[in-house]
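Below is one structure; the comments refer to it alone.
What follows is calculated from the coordinates using simple rules that are stated; it is not laboratory data. This one's a predicted model, so the numbers in the text were calculated from it and none came from an experiment. Cβ sites come from the backbone with ideal geometry, for glycine too, and all protein chains shown count toward neighbours.
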Amino acid sequence: MIDDSAENALHAANAAPPAEVLLFGDYPWNAVVAHDVGQPEDTMTYVELKKAGLLEKRAERRKEKIQEGWLPKGVERVRSWDEVIAWVEQFGQGR
C-alpha cells in the first residue's frame, strides 16, 4: 500500500494479515500518528489538551517523535515516486 496518511499506514501495517506499507512524502501531517499509543494525552482532542494544560507537553512529544524518525513496524517512508519504483523493483527481486 502507498499512502501519505500516517494513520492509514499504521492501520494497514497492523491489519491481519499486515500489509507492506510505503508512507509517501515527508509532510507535517504524516510525521507521526495523531493518536498513537504511549501517553494518556495521545488520545485527547485539542480541546481536552487545552483544558488540561497539556498542549505544550503534546507538542514536545510530537517534536521528539519527528526527530526520532518515527515509523511503525512494517512501514517504510518514501519521499518520491522514484523511491517507490526502486522499492517495487527490490520487492520483485525477493526483498
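With the alpha-carbon atoms of the chain aligned to their principal axes, the span from lowest to highest coordinate is 52, 27, 18 Å, starting with the largest.
Dividing the summed -39500 (n - 2.57) terms of all DSSP H runs of n ≥ 4 by the residue count of the chain sets its mean residue ellipticity at 222 nm at -13000 deg cm²/dmol. Within the stretch 1-84, the trypsin sites (Lys or Arg not before Pro) that combine a DSSP coil assignment with at most 11 other C-beta atoms in a 10 angstrom radius are 73. Placing R0 at 22 angstrom, the Cβ-Cβ distance between residue 65 and residue 85 gives a FRET efficiency of 0.20 after rounding to 0.05.
For residue 21, nonlocal amide neighbours, meaning residues 5 or more places apart or on other chains whose placed amide H falls under 5 Å from its own, are 76. Taking a sphere under 13 Å around the Cβ of residue 24 and counting the other residues whose Cβ falls inside, with K and R at +1 and D and E at -1, yields a net charge of -4.
In order along the stretch 72-86, the Karplus-derived 3J(HN,Hα) couplings, from 6.51 cos²θ - 1.76 cosθ + 1.60 at θ = phi - 60°, round to x, 4, x, 10, 10, 7, 10, 9, 7, 5, 4, 5, 4, 4, 4 Hz, and Gly and Pro are given as x.
Label positions at residue 51 and residue 73, each projected 7 Å from the Cα along the C-beta direction, are separated by 3.6 nm.
Here the Karplus curve 6.51 cos²θ - 1.76 cosθ + 1.60, taken at θ = phi - 60°, turns the phi angles of the stretch 26-31 into couplings of 10, 9, x, 6, 10, 5 Hz, with x standing for Gly and Pro.
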